[in-house]
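Values in this text are rule-based calculations from the coordinates and carry no lab data. Quantities reported herein were computed from a predicted structural model and do not represent experimental measurements. Here Cβ is always computed from backbone atoms with ideal geometry, including for glycine, and neighbour counts include all displayed protein chains.
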Amino acid sequence: MARVSRRTVLGASLALAAGRRAFPRAQTRLLRAYVGTFTAPLGAQVPAYFGGTGPGPHSRGIYTFTFDPATGRAGEPTLAAEVSNPFNLTMDSDRRMVYTCRWPTEVDGQNLITAFAADGDTLRELNTVRSGGGGPTVGVVDGTGRNLLTTNFITDSIVCYRLNPDGSLGERSAMIGREPAGGALATGAGRQPPAAAGTPNGPHHVQLSPTERYAIVPEIWGSRCRVLRFDATTGALATHQLAADVGDAGPRHVVWHPDGRYLYSCGEEGSSISAWRWDENDGRLEVLQNLTTRPAGFTESNRPADIAMHPGGRLVYVTNRGAGTLAGFRIDPSNGSMTASDQAELGSPSSWAMVFDPSGRWALASAQMGNQIVVYAVDEEAGRLTPTGQTLDVVSPSCLRWA
């Protein structure tokens, strides 16, 4: 019998459907987090084109730690699974499975995706498949627990893999874009040749719409968000809309507002954040606003990486790679518009990942070049983050996920 997810009921209102993505604000139990990393197979902590500084300490795989939302204190990180380059992590809808996209680990000209079963502070490997290309990134498991959607950023494709009843990876059911013919991947971060007109161009993330009838994929080099029709029964995908971002914003990651009416994207190419209006009935996105994420007076290279929505829906943050800050914006819930409110210092030039805890009282950000995770206290009213002084030692952390 197919397992039933707590997110299977998809006919609720947009606000209720969007709310399933947020945890209750009252939290008394300990939480568990998983950390994706670079394991440095060539001795580089971070690839040179993202600010790597050469040989240094090595990560060994996926790490985990507990977190107490009552006090904001985290436990000591421990190794959950030894695996090469678990760069991005995706949790399933019931948070019992962890899927890791492994880049730059490569087999037969393709990167890898590995499935793990979560069991407290350990992860049990189930199986591994080729990703269908190069640079697999941040994905999502649908509410039925039967499909994993992700992208291949380097080789320009969007893919869906069927999931077996035990959570292991099954056959690929859809690919939008191209599959490499074979041979070594170009694992550098330089811009690839433009994709054919209408095909994905630098896809880097997948989010499902509140009713999961649609998948939204930001495309960095296309500077747009692709809306796809999604069939959870068959795992099929079909392009529905190409929604242009502002100028050369280059959206990388997206996050929903809790009410399901607005979407927010961080712009890697334009060092910016965009607000979008979403129509679930028609499956249409419309960009509303675009603001810079740069601190005042900062003119050097800055490429935002991740975006995080506060559970209360009044704050959204972007991680800055270059400026070494977390850029905060207040949200007007009446129209989704944003106002800059914060530039929280990271203490390191770059962050690839950020999460709020379910209570909304705390935020955590990865400082991969500083080999740390930094804990912040959240002032929701003022729209500010304040470092608590607590840091966790993890080599080259690239992704954070709650279990």
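Computed from backbone phi, the HN-Hα couplings of region 60-74 come to 10, x, 8, 10, 9, 7, 9, 9, 9, x, 6, 10, x, 9, 10 Hz, rounded to whole numbers (Karplus: 6.51 cos²θ - 1.76 cosθ + 1.60, θ = phi - 60°; Gly and Pro given as x). Could you tell me the calculated FRET efficiency between E82 and Q390, based on Cβ-Cβ distance and R0 = 30 angstrom, to the nearest 0.05? The calculated FRET efficiency here is 0.70. Note on W402 and D166: with the Förster distance fixed at 22 Å, the Cβ-Cβ geometry gives a FRET efficiency of about 0.50. Note on region 284-403: the alpha carbon radius of gyration divided by the globular reference 2.2 N^0.38 Å gives 1.02.
Taking the centroid of alpha carbons for each part, region 335-365 and region 101-153 are 26 Å apart. If Lys and Arg each add +1 and Asp and Glu each add -1, what is the summed charge of the other residues whose beta carbon sits under 14 Å from the beta carbon of S334? The answer is +2. Taking a ≥ b ≥ c as the square roots of the eigenvalues of the Cα gyration tensor, the chain is classed as rounded, since a/c falls below 1.5. Spin-label model, D119/L30: points 7 Å from Cα along the beta carbon direction are separated by 1.8 nm. In this structure the amide hydrogen of L315, modeled in the peptide plane, comes within under 5 Å of the amide hydrogens of H310, I331, none closer than 5 places in sequence on its chain.
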